[in-house]
Amino acid sequence: MSVSTSSLLPSQRSWREAWRLYLQPASLRMLMLGFAAGLPLLLVLGTLSFRLREAGIDRSTIGYLSWVGLAYGFKWMWAPLVDRMPIPWLTRYLGRRRSWLLLSQMTIVGGLVGMAVNDPSQVLGPLVGCALAVAFASATQDIALDAYRIESAEVNAQAALAASYQTGYRLAMIWAGAGVLWIAARAQGLDSTGYVQAAWQTAYLVMAASMLPGMLMVISAPEPEPAPMTPARNLREWLQGALVEPFADFWRRYRWQALLVLGLIAVYRISDVVMGIMANPFYVDMGFTKDEVAAVTKVYGVVMTLVGAFVGGVLSGRFGVMRILMLGAILSAASNVLFAWLSGVGHDVTALIWVVSADNLASGIASAAFIAYLSSLTNITYSATQYALLSSMMLLLPKFVAGFSGDFVNAHGYAQFFTATAWLGVPVLLLVALASRVHARSSGAA
């Protein structure tokens, strides 16, 4: 069953009906499962960059180490296995989606324990290896969870599911961002400064334990009704159905328009992703303390992202995904300019609050609309593989470019860096406009 382009156009729901979608059981489950998905991301990217900078690692190395996040950009390569291959014993008792979710969550726990016990100020390699394991397992969890979400409700409810998912995701980011800094600061002692490995070890072990509720939810949640699949008679047929057909189906449905769709997906979040890699080193270099960063960027800022996610979900349901996709693109690029202004202000917590508020509100609106847009492009028969391809495209180019962000800051400074990331968002506006026209024409032809 493929998704009609009419789902991207303004719906006829009332405001009350749009809000009521958040009370559906599928939305409430996605709220909790989103927490398990959001926990690992900062621990191998944002929070880790703060830890590394405090440990004395230079900005260029931190930039290059952000390529750990490319695991999320290449997850389409093993998504067909997650879509089709059963896991011995686990799939029999949990089903296709939940078995892969549980296996990936157990791997994340092991990787976080490894990151806890390794000291980057002494030797960096083992910690990077554990971070790669966490990123790989986290990307695998995303594949299975995205398919679970798409298969759990009708397409008209996907914007609400996306917002619920984002809420759980952002709550986890509060815990993995503010929580880990708060725990490390208190394990270190409020009067102590500098890098203390024991404090970060305690914080990362707590994060590993925080995956346990998500594992329990996977065990207790219902398995969605699987899409019918014709059993493969041999290895060739299995490879055709698992590897070739999901991608061929996408090209058959969108034809030349697939290039436009993939181009939009590849760059939609580029300004946010590239800017985000240097955000935590920026806070350290501006003199903000762990508690200040935790309170403002990891708690208050994430709350603003939640507000943006709910607003984006409601507006998408009311006015259509494509219009809110454009709004999110404009706001995301414009908010990066505020960080350039903050670099000139310096250590000012009030200014930080205003900048983080605007940036996270824009990010929440853009994320809710974008996830709904990606979900609408998939065929439910290949939901895991196709969504993994689309969401990987979202990260691949931005993550690669972000790897050079430390070099750019070293050469030109933070103000020019943040301004440049805002300009990266300008081509996105044109692509959204073109994609909107294509979908409008397709809907009219239908």
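The values are calculated or read from the model by the stated rules, or taken from the named source; none is laboratory data. Values in this document were obtained by computation on a predicted structure and should not be read as measured data. Reconstructed Cβ throughout: ideal geometry from the backbone, glycine too, with neighbour counts over all protein chains shown. Note: accessible area is taken over every heavy atom of the protein model, side chains too, but ligands, DNA and RNA are not part of it. Shrake-Rupley method; radii C 1.70, N 1.55, O 1.52, S 1.80 Å.
Considering only the stretch 238-309, give the helices (runs of 4 or more DSSP H) lying wholly within it that have at least 3 residues that are under 28 Å from ILE62 (Cα atoms).
Passing ranges, in order: 257-267, 270-277, 279-285, 290-293.
So VAL356 clears everything in (1) open to solvent by less than 10 Å² (accessible area, probe 1.4 Å); (2) in contact with a Gly (Cβ under 7 Å, 6 or more places away or on another chain); (3) modelled with pLDDT under 80 except one condition, right? Which one?
Result: VAL356 passes all but (3).
This table checks each residue for (1) under 28 Å from VAL302 (Cβ atoms); (2) more than 23 Å from the chain's Cα centre (by Cα); (3) at pLDDT 90 or above.
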position	(1), (2), (3)
THR47	yes, no, no
GLY56	yes, yes, no
LEU65	yes, no, no
MET77	no, no, no
LEU94	no, yes, no
MET106	yes, no, yes
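Quick one: LEU397 ticks every box in (1) modelled with pLDDT of 85 or more; (2) closer than 28 Å to ILE57 by Cα bar one, so which box is it?
(1)
For the stretch 334-344, which positions are aliphatic (A, V, I, L, M) and open to solvent by 10 Å² or more (accessible area, probe 1.4 Å)?
ALA334, VAL337, LEU338, ALA340
Taking into account only those residues within the stretch 33-43 that are among the aliphatic types (A, V, I, L, M), at pLDDT 90 or above and out of contact with any Asp or Glu (no Cβ under 7 Å at 6 or more places or on another chain), which is nearest to ALA411 (Cα to Cα)? Give the derivation first.
Narrowing the stretch 33-43 to residues among the aliphatic types (A, V, I, L, M): 33, 36-37, 39, 41-43.
Narrowing further to those that are at pLDDT 90 or above: 36-37, 39, 43.
Cutting the leftovers down to out of contact with any Asp or Glu (no Cβ under 7 Å at 6 or more places or on another chain) gives us 36, 39, 43.
On the way: ALA36: 38, LEU39: 33, LEU43: 27 Å.
For the stretch 33-43, the residue satisfying everything is LEU43.
Could you check HIS347 against (1) open to solvent by 10 Å² or more (accessible area, probe 1.4 Å); (2) in a helix (DSSP H, G or I) and say which number it fails?
Among (1) open to solvent by 10 Å² or more (accessible area, probe 1.4 Å); (2) in a helix (DSSP H, G or I), HIS347 violates only (2).
Residues ALA157, ALA135, ALA162: which one is small (Gly, Ala, Ser), modelled with pLDDT under 85 and either in contact with a Pro (Cβ under 9 Å, 6 or more places away or on another chain) or open to solvent by 10 Å² or more (accessible area, probe 1.4 Å) (or both)?
ALA157
Within the stretch 110-127, how many residues are part of a helix (DSSP H, G or I), touching a Leu at 6+ places or on another chain (Cβ under 8 Å) and open to solvent by 30 Å² or more (accessible area, probe 1.4 Å)?
1
For the stretch 55-106, what are the residues that are open to solvent by 30 Å² or more (accessible area, probe 1.4 Å), charged (D, E, K, R) and within 22 Å of SER392 (Cα to Cα)?
ARG84, ARG96 - these are the residues of the stretch 55-106 that are open to solvent by 30 Å² or more (accessible area, probe 1.4 Å), charged (D, E, K, R) and within 22 Å of SER392 (Cα to Cα).
Condition test on ALA362, is it open to solvent by less than 10 Å² (accessible area, probe 1.4 Å) and farther than 30 Å from PRO224 by Cα?
On the way: open to solvent by less than 10 Å² (accessible area, probe 1.4 Å): yes; farther than 30 Å from PRO224 by Cα: yes.
Answer is yes for this residue.
Kindly evaluate LEU331 against the criterion of being in contact with a Lys or Arg (Cβ under 7 Å, 6 or more places away or on another chain), open to solvent by 20 Å² or more (accessible area, probe 1.4 Å) and either within 23 Å of GLY38 (Cα to Cα) or not β-branched (Val, Ile, Thr) (or both).
So LEU331 does not fit the description; no.
Quick one: GLY125 ticks every box in (1) without any contact (Cβ under 8 Å) to a residue 12 or more places away in the chain; (2) under 16 Å from the mean Cα position of the chain (by Cα) except a single one, so which number is it?
(2)
Which members of the stretch 265-293 meet the condition of being modelled with pLDDT under 85 and open to solvent by less than 10 Å² (accessible area, probe 1.4 Å)?
If the condition is that a residue be modelled with pLDDT under 85 and open to solvent by less than 10 Å² (accessible area, probe 1.4 Å), then ILE265, ASN280, VAL293 are the ones that fit.
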